[in-house]
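Colleague: Encoded as structure tokens, here's the structure I'll be asking about.
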Protein chains: 2
Amino acid sequence: MLKINPARLLDDLRHLRTFGATGPGVVRLSLSSVDMDARRWLAGRMNEAGLAATIDGVGTVFGRSRNAGPALLIGSHTDTQPTGGWLDGALGVIYGLEIARALAECETTRHFAVDVASWIDEEGTFSGFLGSRSFVGEAVDEALRHARNREGVLLGDALAQAGLIGAARVRIDRARHKAYPEPHIEQGGRLEAHGKSIGVVTTIVGIRELKLRLTGQRNHAGTTPMSIRRDAGAALVAFIARMDEAFRAIADADTVWTVGRIELDPGSFSVVPGAADMYLQFRDASAERLRAMEAALAALIRDFNAEGKIGVAMTDSEPPEAPVVMDAALQAHIAEAAEALAPGQWERMPSGASHDAQVIAHHVPACMLFVPSIGGVSHDFIEDTAESHIVLGCEVAARAAANILASLSA
Amino acid sequence: MLKINPARLLDDLRHLRTFGATGPGVVRLSLSSVDMDARRWLAGRMNEAGLAATIDGVGTVFGRSRNAGPALLIGSHTDTQPTGGWLDGALGVIYGLEIARALAECETTRHFAVDVASWIDEEGTFSGFLGSRSFVGEAVDEALRHARNREGVLLGDALAQAGLIGAARVRIDRARHKAYPEPHIEQGGRLEAHGKSIGVVTTIVGIRELKLRLTGQRNHAGTTPMSIRRDAGAALVAFIARMDEAFRAIADADTVWTVGRIELDPGSFSVVPGAADMYLQFRDASAERLRAMEAALAALIRDFNAEGKIGVAMTDSEPPEAPVVMDAALQAHIAEAAEALAPGQWERMPSGASHDAQVIAHHVPACMLFVPSIGGVSHDFIEDTAESHIVLGCEVAARAAANILASLSA
């Protein structure tokens, strides 16, 4: 009978938390010395679990099962944001480790292969998703040569400092790796709001990030009548209001859009702003809806420019990220396990955040399992998940893993 | 017959422009070495005009007529903004000098007394209106002890550097100074838009400067559904829209309000802003209307706070400046002179900008005469006024000055 060991799971999560612990949170930036300490500890725990562990040439910790494939690949990331929570990606990595151990301890599953990964730099301290991108064979040479962290340290120098220059890079084995279920905390408040314990991810949303600049005429705020102003700041407020209206007409309940930054030039009390900049991001699970939002935005920009008083220019900040649909069969396995262990306490949902699974899904069938985040908080020291949810999530993931492996062997 | 000398007027303005000339503009910050060079040159020109010139203990250049009072006080300021225009306050100072000369050259007016001033630091490099405030006896000791410029230089050190420590401070002589007509460029586009050549100022508008902070909840921009967000940036946009509506209902054609700065915290693509700050300024000639705008703002803040989702807090940035009404008799004199020399080409108007006249008006009857600014531009290198308007403005000011002095002597 397959059984995870909750005490061992929680002990490992708590031990991992000690690397970079800062109050209730964790600061464990990719390739920092505490991050490397954590990686070495993790590799040791993988070896103790019977996996063959390595830290590869970009810093990914990879524990390869000694069993023959087909293999399940389970993992996530143990690096954190500058103000990170203790679970975030760590949860999925330790779930993978615990599932590998649990399967090995069970008569009926001990022949199954589970390879466990902690992908380097999911959080983009140097270059987002570096580990998973390297693993699937995406080009990362540019990042290896030029990427820097906030302090200006080159990725290459950080890898040298970590002693990883010359280490082999782990690569996908298409004959072996047949499914990638990634467990993660939800990072939002949806499961909590709905009173659910498990989320089965249907899609990782697509993201558009755009910078807009409105240009008017800088003027004296005392001597320029309202009627003749070309106030770029006032125009931006009007623009956002009209954009909100257009987006609301297109959105469904899961569509999100955010104006994260506004800057008025020159930014003083006494000057009518001559230019106004905004950062705009929108996310949705539907590529079609993202295109409709882009079209609405383009139409609004045309309207403003046609009026002639204020110029609007838009530039992409990041290349668009398309929505990534999770594998239906894998979703079904997770849903079956959730219904078996927590009847009625799970739901399907999109992932509003990005994850390594969106990189790997282009090469291996992938899916995700979420556990609730207390108060919907993440990327914050106070991020947490109820212990009962941590344990339940691993039980569901282990059951799903066994069933997926059974179906692969069949 | 009273006649100004247009060539001499323009030559002096052009010579003054050479001190700090930067392209077509001027950079002549208070007490800088070019500013002091300009003050010494100006004092020399005043002496040549028969005035007794001094540079006082705060840097004001004061040319006292050798004639007995009652005297007219004419002046403005020769310091500039960091990106200043060549006319701005310089126009009024050189008008004063030229009027003193013209009156002295005319048989019927040579006994009239005109004292000419270039008040230090109208632009607030160290402390706004320092010269006029010192002149009328306002407390400036705090500024003398603690005021600094942008580079952190103490006002006291700058005065020492300029060799002014120990110099007497010029003070108002209430028995002598009976009227203060201040000529200035308009700094706005109203005269140009109306096809007029002279503005007779009715009121210097009052100003309110306020900082507002809206507080919501910082959140992940991907995982936080729109329905549960407490987005301080989105709330700010809604707040400004409602404020605009409320202000439009109160405003007349001359009321102005400006959101000059917006900052969202933390200001990135992927984070729902937890706080939003704005700078708000509004100006009007009517104290009652300013109070109505304040009341509308307070009501809006109460509404937002009552909804409970977003907190709004407001702080004064600067003490409120009350509107200052210009002396009616002096306005009539300027209007008479304008109608005589440019029939139908003048209009009454408020001053949307602040001027030394608002300080002096509390002690001596004051008024202002404006000449048009090309394109309404000021505080910019390209600020300019048509030569014909520069000359006409001085002719009108000279005629008004003679008539005011005649009425004072009568």
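The values are calculated or read from the model by the stated rules, or taken from the named source; none is laboratory data. Note that the coordinates shown come from a computational prediction; the quantities given were computed from them, not determined experimentally. Glycine gets a Cβ as well: all are built from the backbone with ideal geometry, and neighbour counts include every protein chain shown.
Colleague: Can you name every residue in segment B:65-115 that is surrounded by fewer than 24 Cβ atoms within 10 Å (Cβ to Cβ) and among the β-branched types (Val, Ile, Thr)?
Modeller: Residues satisfying the conditions are B:THR83, B:THR108, B:THR109.
Colleague: Would you confirm, using the coordinates I've provided, whether A:ALA306 is within 28 Å of A:GLY124 (Cβ to Cβ), surrounded by fewer than 21 Cβ atoms within 10 Å (Cβ to Cβ) and not assigned by TED's automatic domain parsing to the domain that holds A:GLU138?
Modeller: No, not satisfied.
Yes/no per residue for (1) in the same structural domain as A:SER268 (by TED's automatic domain parsing); (2) modelled with pLDDT of 95 or more; (3) of a type in the set (S, T, N, Q):
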site	(1), (2), (3)
A:ARG190	no, no, no
A:LYS196	no, yes, no
A:VAL200	no, yes, no
A:GLY216	yes, yes, no
A:ASP231	yes, yes, no
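Colleague: Output the residue which, of all residues in segment B:251-277 that are within 18 Å of the chain's Cα centre (by Cα) and part of a strand (DSSP E or B), is farthest from the other protein chains (Cβ to nearest Cβ).
Modeller: B:TRP257
Colleague: What is the residue count in segment A:95-125 for residues that are within 17 Å of the chain's Cα centre (by Cα) and among the hydrophobic types (A, V, I, L, M, F, W, C)?
Modeller: Qualifying residue count for the region: 3.
Colleague: Among the residues of segment A:229-240, are any crowded, with 20+ Cβ neighbours inside 10 Å, touching an Asp or Glu at 6+ places or on another chain (Cβ under 6 Å) and more than 7 Å from chain B (Cβ to nearest Cβ)?
Modeller: no
Colleague: Restricting to segment A:255-274, and then to whatever is of a type in the set (Val, Ile, Thr) and within 12 Å of A:LEU210 (Cα to Cα), can you tell me which residue is surrounded by the most Cβ atoms within 10 Å (Cβ to Cβ)?
Modeller: Among them, the one singled out is A:THR258.
Colleague: How about segment B:253-264: which of its residues are among the charged types (D, E, K, R) and modelled with pLDDT of 95 or more?
Modeller: Matches in segment B:253-264: B:ARG261, B:GLU263.
Colleague: Identify all residues within segment A:339-390 that are assigned to a loop (DSSP other than H, G, I, E, B), within 14 Å of chain B (Cβ to nearest Cβ) and farther than 19 Å from A:ALA90 by Cβ; write none if there are none.
Modeller: A:GLY352 - this is the single residue of segment A:339-390 that is assigned to a loop (DSSP other than H, G, I, E, B), within 14 Å of chain B (Cβ to nearest Cβ) and farther than 19 Å from A:ALA90 by Cβ.
Colleague: Criterion first (without any contact (Cβ under 8 Å) to a residue 40 or more places away in the chain and either surrounded by 23 or more Cβ atoms within 10 Å (Cβ to Cβ) or not basic (Lys, Arg) (or both)) does A:SER197 satisfy it?
Modeller: Taking the combined requirement at face value, the residue does not satisfy it.
Colleague: Still on this structure, please answer the following. Could you tell me which numbered condition B:LEU280 fails, if it satisfies all but one of (1) within 30 Å of B:ASP356 (Cα to Cα); (2) assigned to a helix (DSSP H, G or I); (3) facing another protein chain (nearest Cβ under 9 Å)?
Modeller: (2)
Colleague: Restricting segment A:322-338 to residues that are part of a helix (DSSP H, G or I) and touching a Leu at 6+ places or on another chain (Cβ under 9 Å), which is surrounded by the fewest Cβ atoms within 10 Å (Cβ to Cβ)?
Modeller: Only one residue fits best here, namely A:ALA337.
Colleague: Among the residues of segment A:204-226, write down those that are outside any strand (DSSP E or B) and at the interface with chain B (Cβ under 7 Å from one of its Cβ atoms). Give the steps one after another, and end with the answer.
Modeller: Keep residues of segment A:204-226 that are outside any strand (DSSP E or B), which gives A:205, A:216-218, A:221-226.
A:VAL205, A:ALA221, A:GLY222, A:THR223, A:THR224, A:PRO225, A:MET226, listed by residue number.
Colleague: Just to be sure, is B:LEU31 assigned to a helix (DSSP H, G or I), in contact with a helix residue (DSSP H, G or I) (Cβ under 6 Å, 6 or more places away or on another chain), farther than 13 Å from B:ALA100 by Cβ and of a type outside the set (S, T, N, Q)?
Modeller: In short, no.
Colleague: Could you tell me whether segment B:154-162 includes any residue that is of a type in the set (Asp, Glu) and buried (at least 20 other Cβ atoms within 10 Å of the Cβ)?
Modeller: Taking every residue of segment B:154-162 in turn, none turns out to be of a type in the set (Asp, Glu) and buried (at least 20 other Cβ atoms within 10 Å of the Cβ).
Colleague: Also: Checking B:ARG291 against (1) in contact (Cβ under 8 Å) with a residue 24 or more places away in the chain; (2) among the basic types (Lys, Arg); (3) surrounded by fewer than 24 Cβ atoms within 10 Å (Cβ to Cβ); (4) within 29 Å of B:ALA328 (Cα to Cα), which single condition isn't satisfied?
Modeller: Of (1) in contact (Cβ under 8 Å) with a residue 24 or more places away in the chain; (2) among the basic types (Lys, Arg); (3) surrounded by fewer than 24 Cβ atoms within 10 Å (Cβ to Cβ); (4) within 29 Å of B:ALA328 (Cα to Cα), only one is false for B:ARG291: (1).
Colleague: Based on this model, can you work out whether A:ALA160 counts as within 25 Å of A:VAL140 (Cβ to Cβ), in the same structural domain as A:TRP346 (by TED's automatic domain parsing), at pLDDT 95 or above and assigned to a loop (DSSP other than H, G, I, E, B)?
Modeller: Taking the combined requirement at face value, the residue does not satisfy it.
Colleague: When you scan segment A:116-140, how many residues do you find that are surrounded by 24 or more Cβ atoms within 10 Å (Cβ to Cβ) and among the basic types (Lys, Arg)?
Modeller: Number satisfying all stated conditions: 0.
Colleague: Any idea which of A:GLU288, A:GLU245 is among the acidic types (Asp, Glu) and away from chain B (no Cβ under 12 Å)?
Modeller: Working: A:GLU245 fails: away from chain B (no Cβ under 12 Å).
Unique residue meeting the criteria: A:GLU288.
Colleague: Then there's this: Would segment B:17-28 turn up any residue that is outside any loop (DSSP other than H, G, I, E, B), in contact (Cβ under 8 Å) with a residue 24 or more places away in the chain, within 29 Å of B:LEU341 (Cβ to Cβ) and touching a Gly at 6+ places or on another chain (Cβ under 8 Å)?
Modeller: Yes, some residue in segment B:17-28 is outside any loop (DSSP other than H, G, I, E, B), in contact (Cβ under 8 Å) with a residue 24 or more places away in the chain, within 29 Å of B:LEU341 (Cβ to Cβ) and touching a Gly at 6+ places or on another chain (Cβ under 8 Å).
Colleague: With the condition kept exactly as written, say whether any residue in segment A:65-80 is over 23 Å from A:ASP173 (Cα atoms), in the same structural domain as A:SER118 (by TED's automatic domain parsing) and in contact (Cβ under 8 Å) with a residue 60 or more places away in the chain. Walk me through it before giving the result.
Modeller: Start the filter on segment A:65-80 by keeping residues that are over 23 Å from A:ASP173 (Cα atoms), which leaves A:79-80.
Those still in the list that are in the same structural domain as A:SER118 (by TED's automatic domain parsing) too: A:79-80.
Right, trim to in contact (Cβ under 8 Å) with a residue 60 or more places away in the chain and you get A:80.
There is at least one residue in segment A:65-80 that is over 23 Å from A:ASP173 (Cα atoms), in the same structural domain as A:SER118 (by TED's automatic domain parsing) and in contact (Cβ under 8 Å) with a residue 60 or more places away in the chain.
Colleague: Sort out which residues of segment B:169-203 are within 30 Å of B:ALA410 (Cα to Cα), within 14 Å of chain A (Cβ to nearest Cβ) and assigned to a loop (DSSP other than H, G, I, E, B), and write them in order of number.
Modeller: none
Colleague: Which of the residues belonging to segment A:357-373 are surrounded by 24 or more Cβ atoms within 10 Å (Cβ to Cβ), of a type in the set (Val, Ile, Thr) and more than 12 Å from A:LYS196 (Cβ to Cβ)?
Modeller: Of everything in segment A:357-373, those that are surrounded by 24 or more Cβ atoms within 10 Å (Cβ to Cβ), of a type in the set (Val, Ile, Thr) and more than 12 Å from A:LYS196 (Cβ to Cβ) turn out to be A:VAL359, A:ILE360.
Colleague: Does segment B:306-319 contain any residue that is closer than 30 Å to B:PRO70 by Cβ, more than 14 Å from chain A (Cβ to nearest Cβ), in contact (Cβ under 8 Å) with a residue 40 or more places away in the chain and not basic (Lys, Arg)? Break it down stepwise before answering.
Modeller: Filtering segment B:306-319 down to residues closer than 30 Å to B:PRO70 by Cβ leaves none.
Checked against the condition, which is being closer than 30 Å to B:PRO70 by Cβ, more than 14 Å from chain A (Cβ to nearest Cβ), in contact (Cβ under 8 Å) with a residue 40 or more places away in the chain and not basic (Lys, Arg), segment B:306-319 yields no hits at all.
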